[in-house]
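What follows is a single structure, written as structure tokens, with notes after it.
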Amino acid sequence: MDSIVVTGGNALSGQIPIAGAKNACLALMPATLLTEEPLTLMNAPRLSDIKTMTALLQSLGAEVQSLQEGRVIAMSSLGPISTTADYDIVRKMRASNLVLGPLLAREGHAIVSLPGGCAIGARPMDIHTTALEAMGAEIELRDGYLHATAPGGLKGAKIAFRFASVGATENIMMAATLAKGTTVIENAAREPEIVDLAACLAKMGAQIDGAGSSTITIQGVDRLGGATHAVVTDRIELGTYMLAPAICGGEVECIGGRLDLVQSFAEKLDAAGIAVEETAAGLKVARKNGRTSAIDVSTQPFPGFPTDLQAQMMALMCTADGVSHLEETIFENRFMHAPELLRMGADVEVHGGTATVTGVERLKGAPVMATDLRASVSLILAGLAAEGDTVVNRVYHLDRGYEHVEEKLRAVGAKIERVPGA
Ligand code: EPZ
């Protein structure tokens, strides 16, 4: 397994290109199952998760081609389409569950393995299944697989989510595009990835209103056509790289960055003493003056502070002036980066869903272990400011969500190398 070695202390300067959003692309790709016509995605990120989704769709019988070094994904699902999503693929990536809605809508049945828990939590699928049952599906859990059928086809329904689940919003929105009648989702997720999926489905002929708000209305149609769609910018990669100059000084321009995608995050950076400036090409980020200030953060569904940037913000708070409180309200176990940061001399105390961070002058490089995607990159960020070398092991977690992280950071002056593993 590869590792990444970061030698801290360099201030950064230059431009970092921001890729298309992993979490938008992973929802857009299963939409190919909703039509027999070609669906082409531009600005796709080059990530191992995209390869996993490609393998899953191919295992179902879809044709998926990666063009222009992975930037373009050309898909078509002429059929016949298998409706069994195998555990071997699904266990690698929870987002595989996003084929459930499209398969039910297209074929009237689906057998999808439950993803199983992952490092950050149990991540059940009750919100997905309750909603699909309201639309007429019959779903049974057997041998770790969801066996779903919609004998008479899916019907539009009025659905109220108990929690604004991103994946459930995506699954139900896709299923509802071909259902008979109108579906209304109350308490829908409002993430930009939902808006991006709705925009692509509309290009395919779907009738969707309200994406980006808490109430989404979908009028079912008989069939969908093909489309070409550019994946929205990755707001989590953007926020991650905005933190790099915040942590180790200097100034970085994130090319393609959009302030509307990271508004609440940028407000927290401003409160911590980090200047964020919109430019013609993206977002320019630099410390306003000296040491950052400790601030409090509570993760919330969009447009609140993103849970996917909590670990990275903790890395910044480790050397901030004062005490900060980071409350994680979305997942039950998303502080696995804390013990690793402690190894670097951070002062972090976790009690239940809140981490209390007392800033120290400087962290010290150390060998640390990546545990999940966002925890991994928070260790890289901490290493940028630490004294000496930080060796981040198990970086396959990183490659799931970040394109060539060492190349992007080295290009702005970081001392960072990937060391091929045994
Ligand atoms: C998406 O996961 C993202 N993944 C996650 O990003 C992100 O952290 C999450 O949304 C929250 O923003 C993709 O888009 C591929 P949820 P998802 O359904 O859809 C509970 C990353 O690092 N829940 O909004 O799985 C669930 O357990 C990843 O890129 C139920 O209880 O998230 C969790 O505690 C990590 N029952 C909370 O809701 C359900 O049926 C949020 O889950 C569904 C969810």
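The values are calculated or read from the model by the stated rules, or taken from the named source; none is laboratory data. A quick note: this is a predicted structure, and the numbers were derived from the prediction, not measured. All Cβ positions, glycine included, derive from the backbone under ideal geometry; neighbour counts span all protein chains shown.
Summary table below
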| item | result |
| --- | --- |
| Residues within the range 188-213 that are in contact with a Lys or Arg (Cβ under 7 Å, 6 or more places away or on another chain), without any contact (Cβ under 8 Å) to a residue 60 or more places away in the chain and under 19 Å from THR233 (Cα atoms), tallied | 1 |
| The range 328-386: number of residues that are within 14 Å of the ligand (Cβ to nearest atom), in contact with a Gly (Cβ under 6 Å, 6 or more places away or on another chain) and within 24 Å of LEU238 (Cβ to Cβ) | 3 |
| Search result, residues across the range 1-18 that are surrounded by fewer than 24 Cβ atoms within 10 Å (Cβ to Cβ) and either among the polar types (S, T, N, Q) or within 16 Å of the ligand (Cβ to nearest atom) (or both) | SER3, THR7, ASN10, SER13, GLN15 |
| Condition broken by ARG91, with the remaining ones in (1) closer than 26 Å to LEU398 by Cα; (2) basic (Lys, Arg); (3) away from the ligand (no atom under 15 Å from the Cβ) satisfied | (3) |
| Pairs with Cβ under 6 Å, 6+ apart, first in the range 13-31 and closer than 11 Å to LEU238 by Cβ and touching a residue at least 24 places away in the same chain (Cβ under 8 Å), second more than 11 Å from the ligand (Cβ to nearest atom) and of a type in the set (D, E, K, R) | ILE16/LYS408; ALA19/GLU403 |
| Condition met for ALA414 (more than 24 Å from ASN23 (Cα to Cα), buried (at least 19 other Cβ atoms within 10 Å of the Cβ) and under 23 Å from the mean Cα position of the chain (by Cα)) | no |
| Hits in the range 67-80 - residues which are closer than 22 Å to HIS397 by Cα and in contact with a strand residue (DSSP E or B) (Cβ under 9 Å, 6 or more places away or on another chain) | ARG71 |
| Qualifying positions in the range 116-160 - closer than 30 Å to ARG394 by Cα and away from the ligand (no atom under 14 Å from the Cβ) | GLY144, TYR145 |
| Count - residues of the range 188-202 that are among the small types (Gly, Ala, Ser) and within 13 Å of the ligand (Cβ to nearest atom) | 2 |
| Residue tally, condition among the β-branched types (Val, Ile, Thr) and closer than 13 Å to GLY290 by Cα, over the range 239-273 | 1 |
| Entirely in the range 112-217, the strands (runs of 3 or more DSSP E) that have 3 or more residues that are in the same structural domain as SER82 (by TED's automatic domain parsing), exposed (fewer than 15 other Cβ atoms within 10 Å of the Cβ) and of a type outside the set (Lys, Arg) | 138-142 |
| Test for ILE380: is it β-branched (Val, Ile, Thr) and in a helix (DSSP H, G or I) | yes |
| Matching option when the condition is in contact (Cβ under 8 Å) with a residue 12 or more places away in the chain and within 16 Å of the ligand (Cβ to nearest atom), among LEU98, LEU103 | LEU98 |
| Total residues in the range 161-187, condition within 11 Å of the ligand (Cβ to nearest atom) and touching a strand residue (DSSP E or B) at 6+ places or on another chain (Cβ under 7 Å) | 3 |
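Here is a yes/no grid of residues against (1) in the same structural domain as PHE161 (by TED's automatic domain parsing); (2) surrounded by fewer than 24 Cβ atoms within 10 Å (Cβ to Cβ); (3) part of a helix (DSSP H, G or I); (4) aliphatic (A, V, I, L, M):
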{"site": "SER264", "(1), (2), (3), (4)": "no, yes, yes, no"}
{"site": "LYS268", "(1), (2), (3), (4)": "no, yes, yes, no"}
{"site": "ALA280", "(1), (2), (3), (4)": "no, yes, no, yes"}
{"site": "VAL285", "(1), (2), (3), (4)": "no, no, no, yes"}
{"site": "ASN289", "(1), (2), (3), (4)": "no, yes, no, no"}
{"site": "ILE295", "(1), (2), (3), (4)": "no, yes, no, yes"}
{"site": "SER298", "(1), (2), (3), (4)": "no, yes, no, no"}
{"site": "PRO303", "(1), (2), (3), (4)": "no, yes, no, no"}
{"site": "LEU316", "(1), (2), (3), (4)": "no, no, yes, yes"}
